Amino acid sequence: MYKNSIKSKIICNLSQIPGWRTNRKIIVIESDDWGSVRVHNREAFLGMQAVGLDVSKTHYDTVDALESNEDLQDLFSILSDIKDKSGNHPVFTPMCIMGNPDFDKIAASNFEEYYFQPLEETLNEYPKHDKVLDMWKKGIEEKLFSPALHGREHINVVRYLRILQTGDEGMRTAFSHKSVGASSFKGKSYPNYLGALFPESKDEVKQLHLYLKEAGTLFEKYCGYKPLAFIAPNAEEPKELEATLNDIGVKYLTRSKNRLYPLGDGSFKRELNWLGKQNSLGQICIVRNCFFEPVAWGEHSYVKDWIGNCLKEIEIAFRWKKPALISTHRVNYVGFIDPANRDKGIKSLRLLIKSIQNLWPDVEFLSTNELGQLIESERSSLLTNTL
Ligand SMILES: [Zn+2]
């Protein structure tokens with residue numbers, strides 16, 4: 001997320017210095033939000049727009065629909081068409097959401113209770129999505145898709161339910177369209193209800209442990225293995241959740257370099273992170289250093305040339321002997337609401353990968369899990385050699 005100024009270039013270079021290094025030119029592509037509902041469909045978008053929800057301000061509130069069979073098919077098609085020097089395809093590490101609010105049950109309770117709907121049931125309510133979980137598995141088998149965990153749902157249960165309970169016209173309208181709404185209604189912003197694991201109060205944290213445990217169980221059901229890598233949705237999670245993440249199998253934590261995590265009740269603590277940093281549980285920190293959001297507009301369109309900018313970020317990463325960890329959201333690759341959005345995102349991705357290979361013919365494509373395992377294996381062989 002580096003803007004084009006000398007100061008930001010210096011910060012970008014300096015921030016690469018600490019942490020794990022390699023002579024290999026490694027590309028990891030992490031992509032958040034797979035499995036989550038944002039805007040249900042085009043009718044939902046138009047219905048929300050009609051009441052004054054600010055759905056046209058960003059691409060997330062306009063075209064970010066649940067991925068369809070076709071979206072995955074198109075993505076896999078371009079990934080399987082390309083190989084690195086070892087014969088491996090570019091691989092997505094999708095950060096996946098395991099379900100969504102159960103809109104019907106919440107409405108039936110008159111907004112008094114929150115109900116969660118596992119992803120397989122959400123997919124059944126959509127018309128072009130019956131093969132999505134099979135496609136996830138196909139992607140895993142073909143090493144094109146290496147799912148990691150993003151959370152149980154992408155909304156904060158307490159904040160979301162509270163807004164609905166006030167009878168807020170904007171959020172209730174989004175809800176009636178089985179969408180999770182926009183960030184603002186008639187210019188008035190909502191509190192951060194997308195930060196699922198970002199608690200307001202300390203009391204809320206107990207519940208977050210349970211959500212993560214359920215997410216771990218569903219992840220194993222859908223993907224056939226325990227989640228090894230994790231990034232929290234939208235806002236940082238409390239430190240104490242690392243133990244539960246460890247219990248459900250998570251060994252690699254994608255973190256911001258300068259993490260401000262919540263303690264609850266309005267207080268926060270700062271933590272500096274770098275690639276390969278280990279916490280007391282032995283979990284390894286993964287840090288992103290490249291950004292690619294080619295369909296972005298509104299407040300997110302701070303970069304004009306996403307391919308050129310991403311290539312510069314990769315160059316800086318390789319200069320400092322770091323893997324390039326590219327952050328790119330699902331919204332770039334979905335076309336259920338607007339097929340032209342998916343076409344633009346996928347074409348841009350193909351061009352980015354081809355440009356990377358032209359500039360660095362010896363690049364290697366790894367998933368986050370493979371990168372984590374590589375860092376771990378180097379650590380353990382170093383330890384063995386020094387014994
Ligand atoms: Zn997310």
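No value in this document is a laboratory result; all are computed from the given coordinates. Since we're looking at a predicted model, the values are computed, not measured. When we count neighbours, we look across all protein chains shown, and the Cβ atoms used for this are built from the backbone with ideal geometry, even at glycine.
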Karplus 3J(HN,Hα) series, Hz, for region 94-109 with 6.51 cos²θ - 1.76 cosθ + 1.60 (x for Gly, Pro): x, 8, 9, 9, 8, x, 8, x, 8, 4, 5, 5, 5, 5, 5, 7
Whole-Hz couplings from phi, Karplus 6.51/-1.76/1.60, listed for region 170-182; x for Gly and Pro: x, 5, 5, 5, 4, 4, 5, 9, 6, 10, 9, x, 10
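Within 10 Å, Cβ to Cβ, of K312, how many net charges do the neighbouring residues add up to if Lys/Arg are +1 and Asp/Glu are -1?
Taking every other residue near K312 into account, the sum is -2.
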Label-zone membership for region 311-339, site L374, 7 angstrom Cα→C-beta point, backbone N under 16 Å: 314-327
Most fluctuating residue given options L119, L275, L210, as computed from a GNM of the chain linking Cα atoms under 10 Å: L210
Total formal charge among the other residues, if their Cβ is under 14 angstrom from that of L210, Lys/Arg +1 and Asp/Glu -1: -4
Computed E for N23/E271 - FRET, C-beta separation, R0 25 angstrom, nearest 0.05: 0.30
Inter-site label distance for Q278 and S189 at 7 Å from Cα along Cβ, in nm: 4.0
For the chain, calculated [θ]222 nm from helices alone, where every DSSP H run of n ≥ 4 adds -39500 (n - 2.57): -12000 deg cm²/dmol
Segments 212-221, 176-185, 338-347 sorted - mean Cβ within 10 Å per residue, highest first: 176-185, 212-221, 338-347
FRET efficiency for D343 and D305, using Cβ-Cβ distance with R0 set to 22 Å, rounded to 0.05: 0.75
Radius ratio Rg over Rh of region 1-91, counting only Cα atoms, Kirkwood formula for Rh: 1.11
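Based on the Cβ-Cβ distance of K221 and L46, what FRET efficiency does E = 1/(1 + (r/R0)^6) give at R0 = 41 Å, to the nearest 0.05?
0.70
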Angle between the chain longest axis and helix 132-141 axis [Cα atoms, degrees, rounded to 10]: 10
Degrees, to the nearest 10: 306-319 long Cα axis against longest axis of the chain: 40
Between helix 42-51 and the chain: long-axis angle, C-alpha atoms, 0 to 90°, nearest 10: 60
Most fluctuating residue given options V363, V39, V91, as computed from a GNM of the chain linking Cα atoms under 10 Å: V363
